[in-house]
Amino acid sequence: MPFTNPIIPGFHPDPSICRVGDDYYLVTSSFEYVPGVPIFHSRDLVHWRQIGYCLTRPEQLPLPSEAPSLGIFAPTIRYHNGIFYMVTTNMDVLERRGGRANFYVTASDPAGPWSDPIWLEQDGIDPSLFFDDDGRVYLTSTYAAGGRRDLEGSDPGWGIQQSEIDIATGKLLTEPHLIWKGTGGAYPEGPHLYKISGRYYLMIAEGGTSYGHMETIARGPSPWGPWEACPHNPILSHRSLWRPIQATGHADLVQAQDGTWWLVCLGVRPQPSLALHHLGRETFLAPVVWDTNGWPHVGDEGRIRTTMEPEPQLPAAPWPPSPARDDFDHTRLDLPWNFLRWPPAGSWSLTARPGFLRLMGNAATLDNGKDLAFVGRRQEHIQCQAATRLEFAPQLDGHEAGLAVWMNRHHHYEIALTRLAGETWIIVRRRIGSLAAVVARERVEAGPVTLLVRAEQEPDLLSQSPSLYIFSYALADGHVRELARGEARYLATEVAGGFTGVYFSLYATTNGEAGVACADFDWFEYQPRPTPQSRPAAAP
């Protein structure tokens, strides 16, 4: 039976995986969103459920910046002698720590709690740990040009560096050295070191995490090489192909308990007929077969399909489906919800009015990117609907609360309740870079309102904006009124920049005015909708 990609949809990039017995654990990057580094569990490699986060408190994850797409880059998860290790980079503290922003945390239970960070002396990004049979532990990471020497004493620039470390303290036992520059592609990064059948394999990403992305591999007699590149590199790439999946790379290998091998990687699903993607980089799965010469072959001749065979020959272990509606009936937010950086104290509550999520909006706006009363979850499907029931009586002009389609502080759309000249209005605003405008508004009476955003994919293959968002609302009579539309292309990574993906976000703000914008959200509902078949995107 075939399985369907992506295995973890929506903004879940840079996957790393490990197996413990019959259980698989996977982590992905989280950038400026908290809690940081979501962790997932599976028993069959196909069905995954989130079980927690590795970084759940500011002491583990300081985020002083306001800029988007900083924070956590490219985690790696490994298991050794009863302990889970998650090693990653916090780009928010790169300059503060003199370029050394790598750290790891540990846990005996992958659902947490995880330890305080142990900071590493090796610089660079994308760190990975390898536990060798002789007890040595190696730290491998990406290094950009600027003074690092290789084993022969020269400075080759971008490449993969490595050291031996004391895993109890994170201290260096050897100086870092550049060990491989890759096959010549730009930005060699995302390294992972393995020992397979007595040989060491070093797998990396090259080409940059976009449409030229690829995965390459080399092998050698020791963790330091010398490295022999695979003769059919890249072992994975969709560059220059007309496929619905693009930008494949940044991969990790795992051997199943039945002896088969599998690879997880990131990829994107661009809008039909356009090289534009807005859901972010997602997590994909592919089978790996080793040839008689000891080299891996990934998927369908280095390609990944949305429907792939064979399915892992493991007992199927699907999880119960998540409920579509969150009634905010608990004292803790459910796992899909994130904050935009650490929220200001007192900006949200599930207990101030039981059964509601209360947001206490301050002067920070959606354009600020920090200190905002903001709770969001990823858009995971190209076609879906997000809806929420809002009770909000703005006390002053400018006070506002609503539902945003959020890519970053420079690119977002929102439908909201606000007060203008003493009257309550429902508005739709679109922020595209330096341009912002209220594109529609209607005056309403006080009372609860349901806000809806429907993500649609137009069936017209000749359309240059085939994906869009439709903003609607309903009052007490239940009649849904469409208010405005906005093209998804202006929230795409290729337009908005950065490394993240679209969120549906509940928010409140005074827009710089005095007072507090107290908004109560009764429920939130997320419903996937079938996606029509359409022409795949071409790589640029």
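The values are calculated or read from the model by the stated rules, or taken from the named source; none is laboratory data. All values derive from a computational prediction rather than experimental measurement. Neighbour counts run over all protein chains shown; Cβ positions are idealised from the backbone, glycine included. SASA here: full protein model, heavy atoms, side chains in, ligands and nucleic acids out. Shrake-Rupley method; radii C 1.70, N 1.55, O 1.52, S 1.80 Å.
Per residue, the chain reaches 0 deg cm²/dmol at 222 nm when only DSSP H runs of four or more residues are counted, each adding -39500 (n - 2.57). For the chain, the extents of the C-alpha atoms along the principal axes are 74, 48, 43 Å, listed from largest to smallest.
Taking every alpha-carbon pair in region 36-107 and binning the separations at 5 Å intervals from zero gives 3, 14, 23, 24, 17, 10, 6, 3, 0 percent.
Applying the criteria of a DSSP loop state and at most 16 other Cβ atoms within 10 Å to the GluC sites (Glu not before Pro) of region 399-503 yields GLU445. Over the chain, what is the mean sequence separation of C-alpha contacts under 8 Å (at least six apart), divided by residue count, expressed as relative contact order in percent? Relative CO of the chain lands at 14 percent. Given their separation in residues at 0.36 nm each and the Cα-Cα distance between them, ILE83 and ALA437 gain 122.3 nm when the chain is fully extended. To the nearest 0.05, how large is the calculated FRET efficiency for ILE51 and ASP134 if R₀ is 35 Å and r is the Cβ-Cβ distance? For ILE51 and ASP134, the calculated efficiency is 0.60. Under 12 Å from a label point set 7 Å out along the Cα-to-Cβ vector of LEU420, the amide N atoms of region 380-411 belong to 398.
Taking a straight Cα-Cα cut-off under 30 Å and skipping sequence neighbours fewer than 8 places away in the same chain, the lysines within cross-link reach of LYS195 are LYS171, LYS181. Our summary gives region 31-112 a relative contact order of 28 percent, counting only alpha carbon pairs under 8 angstrom and 6 or more residues apart. Per-residue 3J(HN,Hα) values for region 246-258, derived from phi via the Karplus relation 6.51 cos²θ - 1.76 cosθ + 1.60 with θ = phi - 60°, read 10, 6, 5, x, 6, 10, 9, 9, 8, 9, 6, 5, 8 Hz in sequence order (x marks Gly and Pro).
On the protein heavy atoms, probe 1.4 angstrom, tell me the percent of accessible surface of the chain carried by carbon and sulfur. Please list the in-between numbers first.
Working: 10200 of 20450 Å².
Ligands and nucleic acids excluded, carbon and sulfur reach 50 percent.
Mean separation of Cα pairs under 8 Å and 6 or more residues apart, divided by the residue count, gives region 99-142 a relative contact order of 34 percent.
Region 39-60 and region 497-515 have their alpha-carbon centroids 25 Å apart.
Considering only DSSP states other than H, G, I, E and B, which GluC sites (Glu not before Pro) in region 1-101 qualify as loop sites with at most 16 other Cβ atoms within 10 Å? All intermediate terms of the calculation are to be shown ahead of the outcome.
Details: sites: GLU32, GLU59, GLU66, GLU95; in loops: GLU32, GLU59, GLU66, GLU95.
Hits after loop and neighbour filter: GLU59, GLU66, GLU95.
Computed extension length for ALA345-GLU458: 36.5 nm, one decimal, from 0.36 nm per residue of separation with the Cα-Cα distance subtracted. Karplus-derived 3J(HN,Hα) values for region 501-518, using 6.51 cos²θ - 1.76 cosθ + 1.60 with θ = phi - 60°, are x, 6, 10, 9, 10, 8, 8, 8, 7, 8, 6, x, 8, 6, x, 10, 8, 8 Hz; glycine and proline are entered as x.
Classify region 126-263: rounded, prolate or oblate, from the alpha-carbon gyration tensor (a ≥ b ≥ c, eigenvalue square roots; a/c under 1.5 rounded; otherwise prolate if a/b is larger than b/c)? Working shown, then result.
Numbers: a/c = 1.91, a/b = 1.26, b/c = 1.51.
Cα axes put region 126-263 in the oblate bin.
Shown is the FRET efficiency for ALA168 and ASP109, computed with R0 = 25 Å from the Cβ-Cβ distance and rounded to the nearest 0.05: 0.80. Estimated from the Cβ-Cβ distance and a Förster radius of 56 angstrom, the FRET efficiency linking ALA446 and GLU59 is about 0.85. Note on region 314-333 and region 334-384: Cα centroid distance 20 Å, given to the nearest whole angstrom. The mean accessible area for residues of the chain, using a 1.4 Å probe and ignoring ligands and nucleic acids, is 38 Å² per residue.
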